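Student: To start, I am sharing the structure in question, which I have written as C-alpha cells.
A short reminder: the numbers here are calculations on the coordinates, not readings from a lab. Everything numeric in this text was worked out from a predicted model, so none of it was measured. Note that we place each Cβ from the backbone using ideal geometry, even for glycine, and neighbour counts take in every protein chain shown.
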Amino acid sequence: MQIKHSLLLGSASFLVAAIAAGWVSVALTKAGLAGPKGFESSFEAVNGAWMYSDKVGSPAASRTERARVALGGPLALSSEETIYFMALEDDGGDQLTSSCDYRITGQSFDTRWWSLTLYDSETQVFVPNDTNRASWNSRAIGYNADGSWTVMISNEQQPGHWLPVHQESDKRFDLLLRLYNPSAETRRLARTLPLPTIEKAQC
C-alpha cells in the first residue's frame, strides 16, 4: 500500500507540474516571451548574419530574459561555459529557407570545442532526415588546407560536410553556433569575433 500511495502521489505531482508548465507556457506565449520569436529577442546582431546573446545562462539576465531562454533553449549552459551565436538569415539578409542551398565557411576558434547545429524555425528541434545529421563540430569537421572549414546546407546530399534541411520548399531553419569553454579573450571579444560566412549557393 505504501508503494501504491507513493506512486499515486508521484503521478499526481507530475500531472500538477505538467498542467502548471502548460499554463505558464500559454501565458508566456501570449505575452510574446515563448517560442522562437521569444528566444530570438534575447540576441542582438553583431557580425554579418550572426547574432549574439550574453543573456543565455547569465545570472545578470532579467526574469523576462530567463523565461525566454528557458523556453527557447532549455538546456543552455552558463555564459561562462558557452558562447551562443544564432543566424536566421544569410549574409545577403535573406531568411534561411529550404528552397536554397548554402555554403558556410569558417575558421577554428580559441575554445575547447565548438559546434554548428541546424534547427527547424517553427519547432526549434532538429530537422528529421535519413542520415540523422543535424550538426558538425570541431572534432568531426575536416579542415581545408588554409585552416578553414566548409559545411553545405541543402535538401539534397552534398559531397563533404553536409547538413540536410526540409524536403519541402520555403521551410525556414535557424543555425546555432556554440563555443564551449572559450578562452577569456574569446569571451571578451565575443561581439567582434570573425564568424562563419553564410553564402547562398543556389535557389
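Student: Could I have the simple spin-label model distance between Glu199 and Tyr180, label points 7 Å from Cα toward Cβ, reported in nm to one decimal?
Tutor: A separation of 3.0 nm, rounded to one decimal place.
Student: Another one. Rounding to the nearest 20 debye, state how big the charge dipole of the stretch 110-194 is about its Cα centre with +1 on each Lys and Arg Cβ and -1 on each Asp and Glu Cβ.
Tutor: 480 debye
Student: Would you mind calculating the gained length between Thr123 and Thr105 on full extension (0.36 nm times residue separation, minus the Cα-Cα distance), in nm to one decimal?
Tutor: That works out to 3.9 nm of additional length.
Student: With each label point set 7 Å from Cα along the Cα-Cβ vector, what nm distance links Trp113 and Asp130?
Tutor: Result: 3.0 nm between the two label points.
Student: Still on this model: Using packing as a proxy for protection, rank 160-167, 117-124, 138-145 so that the peptide with the highest average count of other Cβ atoms within 10 Å comes first.
Tutor: Peptide ranking by packing, descending: 160-167, 117-124, 138-145.
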